[in-house]
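Step one of this worksheet: look at the structure below.
The values are calculated or read from the model by the stated rules, or taken from the named source; none is laboratory data. In this text the structure is predicted, and so the values were computed from the model without any measurement. Neighbour counts are summed over all protein chains in view; Cβ atoms, including those assigned to glycine, are modelled from backbone coordinates with ideal geometry. SASA here: full protein model, heavy atoms, side chains in, ligands and nucleic acids out. Shrake-Rupley method; radii C 1.70, N 1.55, O 1.52, S 1.80 Å.
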Amino acid sequence: MIDFERVTKRFGSWTAVDAVSFTVAEGEFRVLIGPSGSGKSTVLRMINRLIPADEGAIRIDGVDIASLKPEELRRRMGYVIQSVGLFPHWTVERNIATVPGLLGWPRARIRDRVTELLELLNLDPRRYRGAYPHQLSGGQQQRVGVARALAAEPRILLMDEPFSALDPITRASLQTELSAIHRRTGTTVVFVTHDMDEALRLGDSIAVMDHGRLIQCATPLDILTRPASPLVRDLVGREEWGLKRLAVETVGDRARRQESVTGEPLAAETPLHRALSEMVARGTERLPVVDGDGRPAGVLHLSDLVRPTSAGTVSGGPAASGTA
Amino acid sequence: MTSRPLLHNRVALLMVLAAAVAAVALPFLGFAPNRLLSGRPVPLWAAAQGFDGAIALLPGLALLATPFLRPTRTGLGLTVVAGGLFTAGLVWLAGAQAAALAQGASAAARTSFASGFWVMAAAGLLTAIDAARRLGLGAIGRMAVGGAVAALVALQLASGHLDALSILKEYANRREIFADAVLRHAMLVAAALVPTLLIGIPLGVAAHRVQAVGRAVFPVLNVVQTVPSIALFGLLMAPLAALGAMLPGSGISGVGPLPAVIALTFYSLLPIVRNTAVGLDGVPAPVREAARGMGLTPGQIFLRVDLPLALPVFLSGLRITVVQAVGLAAVAALIGAGGLGAIMFQGLFANALDLVLLGAVPVILLAVAADALLSIGIAAATHSIGVLPGRSAP
């Protein structure tokens, strides 16, 4: 658990972070978003003390990080940056082994861990273990960057616009892999981006920052349906609002569980905008749904996409945002 | 059919033409009754008579063809071999001719290399080096070519084949002081290198970290570089002599090795400080940021990241420093520091050119050897950081 209590950081007369308080729960995927200079990267870099806080307290699992040695604190966290920063004179294996090496893991354990991580990030260990960073593409380099950050099994992963410099296809596949890794490991992730689509896609919760202040911290659904300020509404954008709205819920959320229908089924965790696309492509208004084990889980109707039926779902509707 | 260009290697053509003109028009050797008289010229055709002489000059005939060879691996390889063997053959010919001239002459008679020899030997070597570069040989490959030619000459030296040449007679007269002079020369350079590195590396690190340090240090070191070496030696004499007078028994003196080492240190600082700073400046900021973010301590970042990544540029500075210091140390003989410069100046003052050569040739060989060794180091350091594998830094 990461806990910010009225944390302030000034650079000269400029207040980069202004009395920010928030909590990131254990295992949560928290996205920090905001325009340039909003203080989002500064907040991230205060978590591993790359930037010291001027006022307030930052606690991890209740321990004030100011009381820890910075190096020991950092070795417990993964850190990924946009420009990757792989050591150009070290092989992929040695890059990934950096923190386990610092922590004094036995050689065999490090070796196994490198293999495991390369496979996790879809890099063939036999081919890439001994490669040098300059022999890799930009996307492969960032895969190694993520593997390096995960190497010592950190409970917290800090990511500063890690995919911003990549082409859209590579970015999308790394986003998918990161989501899967997060689900599997339960690592707490703090992820800085300026791309709202990425934030909506990855975050359990999204913290919007502007001028060093925290404007809103909410679930993707609430960010879409209940923006706290015009800035949040602008960050989301009006274009394809409906599709973004669909994208934050899954087929399983809205399927009619008692019904059944024939056809190629959709997985329950498919986002709703994919389901809509699927209906258009197949020319049908009803799709069968299956759960994670492949058992029938009901039917999704086209009308369900506009009128949410599942209990507990808060619906702001497009009108809440499309008021122009 | 399109006409193919006949000429493929302009450098080789220039060298071959120079060698041909030198072979015909310039004296190959000079033969004098003693070391003080100027000799009569011995042309190449007179030296190359007989079966042995013709064999020795065969690589020269091959060399004539090299400008017209296509730049394939074979063509360039042949050019390297022809250039190298031609040079070694000229030395052999000079030795043989000197031995022939020595028979029936007095012991004081001297046979020296003359202008024709130098032009042809240089042309052969340069052709070989240029072709080796075109072949894409790395630092080690080029050093092997140079080493092979040097080995052919060394073989002749060891066999006594060259003993009748004047330069070896000068060597025979000074056998004891020659070894001392080489050692002394190398010691001067090494002694200057210790304070240079002890001061220069921290100063370079400081200049990299604090801009103000660089702004203060570099103008001073640049000015020092522009002071002529003789002037700097002279400038150091007065204060050191005064210091020596104040501290009797300290061994400090205005002449001798101490001012030489101090002056060499001054000259050596600029390349070391500058290249240390530039090398560290070249370490990418994200690499340092990542290292810090992963929990490397400042000391670990310096040793594991900064040092290896800045090493090739630093070694380039060290190469400049060492080569420069080997040359400058020769001048230091003027203030009594000894070394190979002392032999050169003895020869100059006695008007004995071969004695000058006896001092100058080892200075050149020392500089070339230091340059070659450090080039290999630079190539290895560059290779190990994964930048442009297999290519050495310029």
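Of note:
- Karplus-derived HN-Hα couplings along the range B:349-364 (A = 6.51, B = -1.76, C = 1.60, θ = phi - 60°), whole Hz, x at Gly and Pro: 5, 8, 6, 9, 4, 5, 5, 4, 4, 4, x, 6, 4, x, 4, 5
- When both the range B:100-119 and the range A:56-103 are represented by their alpha-carbon centers, they are found 74 Å apart.
- The fraction of accessible area contributed by carbon and sulfur in the protein assembly as shown is 62 percent, rounded to a whole number (1.4 Å probe; ligands and nucleic acids excluded).
- Counting only Cβ charges, +1 for Lys and Arg and -1 for Asp and Glu, the dipole size of the protein assembly as shown around its Cα centre is about 1300 debye.
- Its relative contact order, with pairs defined as Cα atoms under 8 Å and 6+ residues apart, puts chain A at 18 percent.
- Of the whole protein surface, A:Lys244 contributes about 40 Å² of accessible area at a 1.4 Å probe radius.
- Alpha-carbon centroid distance for the pair the range B:188-251 / the range B:134-183, whole angstrom: 34
- Think of a 1.4 Å ball rolled over the protein heavy atoms: chain B then has 49 Å² of accessible area per residue.
- Taking both sides together, the accessible area buried where A meets B is about 1900 Å² for a 1.4 Å probe.
- Contact order relative to length of the range A:119-275, as percent, for alpha carbon pairs under 8 angstrom and 6 or more apart: 14
- Area accessible to solvent at B:Ile335, 1.4 Å probe radius, in Å²: 20
- Averaging the sequence gap over all C-alpha pairs within less than 8 Å and six or more residues apart, then dividing by the number of residues, gives chain B a relative contact order of 15 percent.
- Counting only other chain Cβ atoms within 10 Å of each residue's Cβ, the peptide A:90-101 averages 2.
- Peptide B:279-292 - average C-beta neighbours from other chains (10 Å radius): 4
- Database remark: amide H of A:Leu266 closer than 5 angstrom to the amide H of A:Val289, A:Val290 (H placed geometrically; neighbours at sequence offset of 5 or more, or on other chains; Pro and chain starts carry no H).
- In a reduced charge model with +1 at each Lys and Arg Cβ and -1 at each Asp and Glu Cβ, the range A:250-306 shows a dipole moment near 100 debye about its Cα centre.
- Under 5 Å, built H, 5+ apart or other chain: amide partners of A:Val17: A:Lys9
- For the range B:147-162, Karplus couplings with θ = phi - 60° (6.51, -1.76, 1.60), whole Hz, Gly/Pro x: x, 5, 5, 4, 5, 4, 6, 4, 4, 5, 4, 5, 6, x, 4, 9
- Cα-based reach from A:Lys244 at 14 Å (exclusive), listing aspartates and glutamates while leaving out same-chain residues under 8 positions away: A:Asp195, A:Asp197, A:Glu198, A:Asp222, A:Asp234
- Highest to lowest packing among B:366-375, A:35-44, scored as the average C-beta count within 10 Å: A:35-44, B:366-375
- Between the range A:224-277 and the range A:168-193, the alpha-carbon centres lie 19 Å apart.
- Straight-line cross-link partners of A:Lys69 among the lysines, defined as a Cα under 21 Å from its Cα and at least 8 positions apart when in the same chain: A:Lys9.
- Computed helical MRE - 222 nm, chain B, DSSP H runs ≥ 4 contributing -39500 (n - 2.57), nearest 500: -25000 deg cm²/dmol
- Net charge dipole size for chain A [Lys, Arg +1 and Asp, Glu -1 on Cβ; Debye, nearest 20]: 660
- Under 12 Å from the Cα of A:Lys40 - aspartates and glutamates, other chains or at least 8 residues apart: A:Asp18, A:Asp160, A:Glu161, A:Asp210
- DSSP bridge pairs, the protein assembly as shown: antiparallel proportion in percent, nearest 5: 60
- For chain B, modelled as a GNM whose springs connect Cα atoms under 10 angstrom apart, the maximal fluctuation among B:Thr111, B:Thr87, B:Thr72 occurs at B:Thr72.
- Amide H contacts under 5 Å for A:Leu32: A:Phe191, A:Val192, A:Thr193, A:Ala207, restricted to partners 5 or more places along the chain or on a different chain, H placed in the peptide plane at 1.01 Å from N.
- Placing B:Ile376, B:Ile140 in order of accessible area, with the largest value first and a 1.4 Å probe, yields B:Ile140, B:Ile376.
- With all protein chains modelled, accessible area of A:Asp54 [1.4 Å, Å²]: 80
- Per residue of peptide B:319-331, the mean number of Cβ atoms on other chains within 10 Å of the residue Cβ is 0.
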